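Here is the structure we will look at, set down as structure tokens.
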Amino acid sequence: MASSAWNSRKGRSSSWIRVERRQAIYARDGGRCVYCRCDPWRGLTLDHVKPRNKGGSNESRNLVTCCYGCNSKRQHGSLRGFVLRIAEETEQDWRDIMARVSATRRRKLCSSTPGKSQTQSSRAADVSS
Ligand SMILES: [Zn+2]
């Protein structure tokens, strides 16, 4: 139905995602950049793990919290190349970063929507499937 949300010009505006959803993703990721783990002193943004111009979606599985620094370094580059670079700059093992990114993406958003149905949707069995 309402799919007009992201026809609006690409880039720039952040209207492609709702504020609540953006916040939920930040919360899921602990409010830190998944790549360099920096404190978000420069502010946070969202990164498409698979770039949109390569067919990546706007689903939370494809989005991770990222600082502005990393986001602007990555631009539309490949994840692999970018991670290698960040690993070197921050003296991390690139495999750790990759693992963190994929673990992060699999995590569920904590829906902070009180009210609605009180159904405990915590079927906590999605850890290892
Ligand atoms: Zn970063």
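The values are calculated or read from the model by the stated rules, or taken from the named source; none is laboratory data. As the structure is a prediction and not an experimental result, all values here were calculated from the model. In this analysis, Cβ positions are derived from the backbone assuming ideal geometry, glycine residues included, and neighbour counts consider all displayed protein chains.
Among R42, R32, which is within 11 Å of the ligand (Cβ to nearest atom), farther than 21 Å from C110 by Cα and modelled with pLDDT under 95?
Numbers: R32 fails: farther than 21 Å from C110 by Cα.
Answer to the check: R42.
Can you name the residue in the stretch 55-68 that is in contact with a strand residue (DSSP E or B) (Cβ under 9 Å, 6 or more places away or on another chain) and without any contact (Cβ under 8 Å) to a residue 12 or more places away in the chain and is also nearest to the ligand (Cβ to nearest atom) among such residues?
G56
Please state which of the following conditions A87 fails to meet, knowing it meets all the rest: (1) assigned to a helix (DSSP H, G or I); (2) over 21 Å from K108 (Cβ atoms); (3) out of contact with any helix residue (DSSP H, G or I) (no Cβ under 6 Å at 6 or more places or on another chain); (4) among the small types (G, A, S).
It is condition (3) that A87 fails.
Hey, S72 hits all of (1) of a type in the set (S, T, N, Q); (2) at pLDDT below 95; (3) part of a loop (DSSP other than H, G, I, E, B); (4) surrounded by 10 or more Cβ atoms within 10 Å (Cβ to Cβ) but one; which does it fall short on?
Of the numbered conditions (1) of a type in the set (S, T, N, Q); (2) at pLDDT below 95; (3) part of a loop (DSSP other than H, G, I, E, B); (4) surrounded by 10 or more Cβ atoms within 10 Å (Cβ to Cβ), the odd one out for S72 is (3).
Pull up the stretch 22-45, narrow it to residues that are free of Cβ contacts under 8 Å to residues at least 40 places away in the same chain and small (G, A, S), then point me to the one that is farthest from N62 (Cα to Cα).
Looking at residues that are free of Cβ contacts under 8 Å to residues at least 40 places away in the same chain and small (G, A, S), I get G43.
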